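A quick write-up on the structure given underneath.
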Amino acid sequence: MNKRKVGGIYEGLACDYLRDKGYEILERNYFTRRGELDIIAREGETTVFVEVKYRSSIANGEPYEAVTPTKLMHLMKAAEYYLISHGGMERRARFDVVSILKTPAGYEIKHLKNVTG
């Protein structure tokens, strides 16, 4: 299975998790010249940009640790483009990470809200 298909599976798992928590999924795999946003969701009046990270083990660290300040800066630029193009610059927005780790029992999901780098 290629990387894109694997990513789609875990993004789907993250969407299911977020829906169960009351989020409305607005977009998946939103592409701009400035980068890609895995999931764009709404929680109440807040637009939430969600980066999904998956790992099959913690040999190289927790999945969320892959969201570096540089990666976050790219996400912010893509999110800014999304908000401008959707007339939402006045809306509240934040960045979350859904971290998925494969475990012997299935998956461990961690949801980090309002990630700032």
- When all protein chains stay in place, what accessible area (Å², nearest 10, 1.4 Å probe) is found for Lys102? 100 Å²
- Task: First compute the accessible area of the chain with a 1.4 Å probe, then give the percent of it belonging to carbon and sulfur atoms.
- Result: 49 percent
- C-alpha center-to-center spacing [the range 25-76, the range 91-112] in angstrom: 10 Å
- Round to the nearest 10 and report in Å² the accessible area of Arg19, as given by a 1.4 Å probe over the protein chains' heavy atoms. 120 Å²
- Given [x] 8.0; [y] 7.5; [z] 12.6 as candidate values of mean projected area of the Cα convex hull in nm², which corresponds to the one derived from the coordinates? [y]
- Task: Could you work out the local net charge near Arg28, counting Lys and Arg as +1, Asp and Glu as -1, over the other residues with Cβ closer than 9 Å to its Cβ?
- Result: -3
- Query: Taking only protein heavy atoms and a 1.4 Å probe, what accessible area per residue, in Å², does the chain have with all protein chains in place?
  - Reply: 59 Å²
- Query: In the neighborhood of Ser57, defined by Cβ-to-Cβ distances under 14 Å, what is the net charge if each Lys or Arg adds +1 and each Asp or Glu adds -1?
  - Reply: 0
- Note on the structure: The correct ranking of Leu26, Leu75 by accessible area at 1.4 Å, largest first, is Leu26, Leu75
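The values are calculated or read from the model by the stated rules, or taken from the named source; none is laboratory data. Since the model is a prediction, treat every value here as computed from it, not as a measurement. Positions of Cβ are generated from backbone atoms using ideal geometry, with glycine treated the same way; all protein chains shown enter the neighbour counts. All accessible areas refer to the heavy atoms of the entire protein, side chains included, with ligands and DNA or RNA removed. Shrake-Rupley method; radii C 1.70, N 1.55, O 1.52, S 1.80 Å.
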